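The values are calculated or read from the model by the stated rules, or taken from the named source; none is laboratory data. What you are looking at is a predicted structure, and each value in this text was computed from that prediction instead of being measured. Positions of Cβ are backbone-derived with ideal geometry, glycine not excepted, and every protein chain shown enters the neighbour counts.
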Amino acid sequence: MRYFFDYRAQGQSLLDYRGEVFSNFESAIEFAEATAEFLTQSLANDWTGWSIEVRNASGDKLISLPVADRRSVCSLRPEMQPAHSPATPLPLQ
């Protein structure tokens, strides 16, 4: 089934006219979640206030996922911060 992934913010829209084919709804949601996470982690951080809306081929909105502000995600969710810096070697087990 074909799903469409629109990017929306207050007064702005980037519409997906091509869409992507997925075997099921869950796979489409996983794609949208991974995209939102990628945009959250982007260095530009220009995606604050945006969301990804998933639509089916009929144009029905199925779900909307927010793209979070990277700074607020890291401050609110400490599990997202690295346990060690890349320069610090992991302890041997």
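Please give the number of the condition T48 fails out of (1) modelled with pLDDT under 90; (2) outside any loop (DSSP other than H, G, I, E, B); (3) not aromatic (F, W, Y).
(2)
List, please: which pairs have Cβ atoms under 6 Å, are six or more places apart or on different chains, and start with a residue in segment 1-28 that is free of Cβ contacts under 8 Å to residues at least 12 places away in the same chain and end with one that is surrounded by 14 or more Cβ atoms within 10 Å (Cβ to Cβ)?
L14/Y7; L15/D6
Does A28 meet the test of being of a type in the set (G, A, S), in a loop (DSSP other than H, G, I, E, B) and at pLDDT 55 or above?
No: the conditions fail for A28.
What single numbered condition from (1) closer than 15 Å to R8 by Cβ; (2) β-branched (V, I, T); (3) surrounded by 17 or more Cβ atoms within 10 Å (Cβ to Cβ) fails to hold for T40?
Result: T40 fails condition (1) only.
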